[in-house]
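What follows is one structure encoded as structure tokens, with my remarks underneath.
The values are calculated or read from the model by the stated rules, or taken from the named source; none is laboratory data. Just so we're clear, the structure is a prediction, and the values are computed from it rather than from any experiment. No Cβ is skipped: glycine too gets one built from the backbone with ideal geometry, and neighbour counts run over all protein chains shown. The accessibility values were calculated without ligands, DNA or RNA, using every heavy atom of the protein model including side chains. Shrake-Rupley method; radii C 1.70, N 1.55, O 1.52, S 1.80 Å.
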Amino acid sequence: MKSRTLGKDFTVSAVGLGCMGMSHGYGKPRDKKEMTELLAQAVDFGYTFFDTAEVYGTPDNPHANETLLGEALKPFRNRIQIGTKFGIHFDLDSTATNKPIVTDARPAGIRQSVDASLQRLQTDHIDIYYQHRQDPKVPVEEVASVMADLIKEGKILHWGLSEVDADTLRRAHAVCPVTAVQNRYSMMARWYEPMFPVLEELNVGLVAFSPMANGLLSGRYDSHSHFEKGTDYRSIMPQFQEKNMEKNQELIHWIQELAHQKNATPAQISLAWMLCKKPWIVPIPGTTNLGRLKENGGAADIVLTQDEVRRIDETLEQIDMSDVFGGSKVEK
Ligand SMILES: NC(=O)c1ccc[n+]([C@@H]2O[C@H](COP(=O)([O-])OP(=O)(O)OC[C@H]3O[C@@H](n4cnc5c(N)ncnc54)[C@H](OP(=O)(O)O)[C@@H]3O)[C@@H](O)[C@H]2O)c1
């Protein structure tokens, strides 16, 4: 697969693999043996960039995803990059499917988190370490200075912030240069585009999460799709509610038509659109299936001209679409 460089020198596969759904948020965790095999097949196919977080798991196995990656990717460790995240936990007392997020970026906690993640990932360094959400109680400068120390100690090579705005990014970057932000970005979630000039100015990459609007843009789901209540976040996501699925048909049909013209699939078009928009965007689509993993990786080879990207943007502005999931509530 083609590669891309984020920030000054962080080179990763042009499409990364989001691993969350293997252990968290999309129904029951998948079979460990199957996912271990899938991760090896991903490396084989050319993925080098793997995304996880300390909180991807279930109440009875809260760090399952890091543990899975640690074991599965150990044989390939010297030729892949792992991104993980710190600074939140879920409010397990809540009965909501998507439990509210509790932030905690106190320096001592970060130090405990990094050591635990290194252990679970069976590695001596994390390639990129993201603050998962801002903690209003801890200034970002303080977090950035912990990151500078961790870089000096060799525990992390790069750092980033997830769901971060331009002002916070500037403050963080002034203390310790940021390599990439990891924000929600898809054809249905374009609210970070006004931040692009700042990313360009600071030479900070964008790792785009939920790049297919949690799968909706692939055209695979319809109003009859069933998502398990309690374990599958999609059961409460606005874009998958029956009425909204109907509303989103126009969008889906239009992407299907674009895909047909480009001899591609809708999932590939939704990824190629962002890949061709900026050379510093790396989507990390999530999948638990080998065919879809290859399909998504194939998006790196699809070429859309700047004119085609602009025309897609114009249509996206006009097309009527539902709200899209914007993330779980963050408890202050
Ligand atoms: N920083 C953050 O706060 C944050 C938040 C959410 C996610 N993330 C990261 O971003 C990654 C990706 O986001 P996401 O998983 O939420 O959303 P996504 O990548 O937009 O969509 C994933 C969903 O789409 C389905 N899918 C994938 N490829 C497909 C294809 N080619 N055709 C049809 N369906 C396809 C997957 O199902 P199958 O498994 O059945 O293929 C899965 O249910 C996560 O894994 C995680 O690492 C980060």
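Hey, can you find the accessible area per residue of the chain for me, probe 1.4 Å, expressed in square angstrom?
43 Å²
How large are Rg and Dmax for segment 3-331 when calculated on the C-alpha trace, in angstrom?
For segment 3-331, the Cα radius of gyration and maximum Cα-Cα distance read 18.7, 53 Å.
Counting only the heavy atoms of the protein chains, how much of residue 329 is accessible to a 1.4 Å probe, in Å² to the nearest 10?
Its heavy atoms expose roughly 140 Å² to the probe.
What Rg and what Dmax come out for segment 225-313 when only alpha-carbon atoms are used, in angstroms?
Reported Rg and Dmax, both Å: 14.6, 43.
Which value in Å does the Kirkwood hydrodynamic radius of segment 107-174 take, with 1/r averaged over all unlike C-alpha pairs and then inverted?
In segment 107-174 this quantity evaluates to 12.3 Å.
Binning at 10 Å from 0, report for segment 1-124 what percent of all alpha-carbon pair distances ends up in each bin.
Bins of 10 Å from zero give 12, 41, 35, 11, 0 percent of pairs.
Taking Cα pairs under 8 Å and at least six residues apart, what relative contact order does the chain come out at, in percent?
This gives 21 percent for the chain.
Accessible area of segment 182-271 with a 1.4 Å probe: how many percent of it is carbon plus sulfur?
Accessible surface attributable to carbon and sulfur in segment 182-271 totals 49 percent.
Kindly rank 223-232, 78-87 from highest to lowest mean number of other beta carbons found within 10 Å of each residue.
78-87, 223-232
With respect to the cross-link table entries 2/32; 278/329; 137/329; 247/277, which display a Cα-Cα separation exceeding 21 Å?
2/32; 278/329; 247/277
I'd like the FRET efficiency for residue 311 and residue 165, computed as 1/(1 + (r/R0)^6) with the beta carbon distance as r and R0 of 30 Å, rounded to 0.05.
0.60
Could you pull out the pairs from 85/294; 8/294; 28/229 whose alpha carbons sit more than 18 Å apart here?
Pairs exceeding the cut-off: 85/294; 8/294.
Taking +1 at the Cβ of each Lys and Arg and -1 at the Cβ of each Asp and Glu, which of 249, 330, 304 sits farthest along the dipole of segment 248-332 towards its positive end, judged by Cα position relative to the Cα centre?
330
Give me the distance between the Cα centres of segment 170-231 and segment 267-297, rounded to whole Å.
Taking the Cα centre of each part, segment 170-231 and segment 267-297 sit 12 Å apart.
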